[in-house]
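Working notes, structure below.
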Amino acid sequence: MKLVVAVGGASGSPYAKRLLDFLAREGPSAGVSVDLVFTTTARQIWTHEIGSPPDYPFKVWKNQDLTAPFSSGSAGYDAMAIVPCSAAGLARVAYGVSTDLVGRAADVMLKERKRLVLLLRETPISLIHARAIAQVVEAGAFVMPASPSFYSKPRTIDALVDTVVSRVLDRLGIPNELMRRWDGISPHGCGEPTEE
């Protein structure tokens with residue numbers, strides 16, 4: 001799989017770091033090659049939230065470099081994730097504003113009917129956001145609010161982050177065991193059964 005990971009300009013750098021750490025470690029054995037692009041704001045937020053981005057073993061592109069191979073559908077990339085994705089970034093994707101590499105790559109994924117995952121980091125959602133979400137979903141993207149789950153009983157922030165990153169990897173079609181999967185709740189552990 002040829003994958004583009006874009007780190008967008010929203011709070012949520014730990015999500016991006018965990019995804020990239022996983023792909024650096026597990027990607028090669030899973031047949032996943034990664035191209036990476038940061039928005040300018042993403043680098044600033046990453047530095048503020050968790051320190052300077054490490055050197056990853058991926059080809060890193062500047063956000064204004066439209067010569068990147070994944071700016072064209074003929075390059076044959078399979079999927080893209082924008083992690084995290086701001087509401088403004090999502091709106092640009094929804095309406096085809098492809099003035100930078102992240103926007104152009106997302107536009108290519110949609111027009112080529114490839115997987116595009118947007119990990120939205122915004123709350124609350126305004127009507128403008130909701131309409132942009134509907135537009136991009138109708139175009140074929142997956143919009144995932146960065147909403148952690150608790151049924152796996154995460155005990156650390158890293159474990160909580162994993163509940164979100166695991167689902168991003170699922171949408172990309174990349175096997176992972178970052179969290180315990182939901183396997184139901186035993187009716188014996190929930191008190192008296194109810195009659196239907």
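Is it the case that K62 is touching a Leu at 6+ places or on another chain (Cβ under 9 Å), free of Cβ contacts under 8 Å to residues at least 60 places away in the same chain and not polar (S, T, N, Q)? When the stated conditions are applied, K62 passes them.
Within region 7-35, the set of residues being over 23 Å from I157 (Cβ atoms) and in contact with a helix residue (DSSP H, G or I) (Cβ under 9 Å, 6 or more places away or on another chain) comprises A30, V32, V34, D35.
Please state which of the following conditions A141 fails to meet, knowing it meets all the rest: (1) surrounded by 18 or more Cβ atoms within 10 Å (Cβ to Cβ); (2) touching a helix residue (DSSP H, G or I) at 6+ places or on another chain (Cβ under 6 Å); (3) not basic (K, R). So A141 meets the others, but not (2). The set of residues from region 12-32 being outside any helix (DSSP H, G or I) and either farther than 10 Å from V83 by Cα or without any contact (Cβ under 8 Å) to a residue 12 or more places away in the chain (or both) comprises G27, G31, V32.
Note on region 120-130: residues that are part of a helix (DSSP H, G or I) and without any contact (Cβ under 8 Å) to a residue 24 or more places away in the chain total 2. From the list A106, A87, A75, A91, the lone residue that is surrounded by fewer than 20 Cβ atoms within 10 Å (Cβ to Cβ), farther than 12 Å from V143 by Cα and among the aliphatic types (A, V, I, L, M) is A75.
A count restricted to region 93-119 and to residues that are in a loop (DSSP other than H, G, I, E, B) and β-branched (V, I, T) stands at 2.
Among the residues examined, D158 qualifies as under 20 Å from I50 (Cβ atoms), among the acidic types (D, E) and part of a helix (DSSP H, G or I).
So, in region 109-129, exactly how many residues are surrounded by fewer than 17 Cβ atoms within 10 Å (Cβ to Cβ), aliphatic (A, V, I, L, M) and under 23 Å from L169 (Cα atoms)? Qualifying residue count, region 109-129: 0.
Among the residues of region 131-145, none is identified as outside any helix (DSSP H, G or I) and either in contact (Cβ under 8 Å) with a residue 60 or more places away in the chain or under 11 Å from A91 (Cβ atoms) (or both). Number of residues in region 144-154 that are crowded, with 17+ Cβ neighbours inside 10 Å and over 17 Å from the mean Cα position of the chain (by Cα): the value is 2.
One residue stands out in region 60-80 among those that are in a strand (DSSP E or B) and either polar (S, T, N, Q) or in contact with a Lys or Arg (Cβ under 8 Å, 6 or more places away or on another chain) (or both): the one that is nearest to R113 (Cα to Cα), namely A79. Is it fair to say A6 is touching a residue at least 40 places away in the same chain (Cβ under 8 Å), among the aliphatic types (A, V, I, L, M), assigned to a strand (DSSP E or B) and surrounded by 15 or more Cβ atoms within 10 Å (Cβ to Cβ)? When the stated conditions are applied, A6 passes them.
All of the numbers you see were taken from the coordinates with simple rules; none came from a lab. Remember, predicted model here, so these are calculated numbers, not experimental data. When we count neighbours, we look across all protein chains shown, and the Cβ atoms used for this are built from the backbone with ideal geometry, even at glycine.
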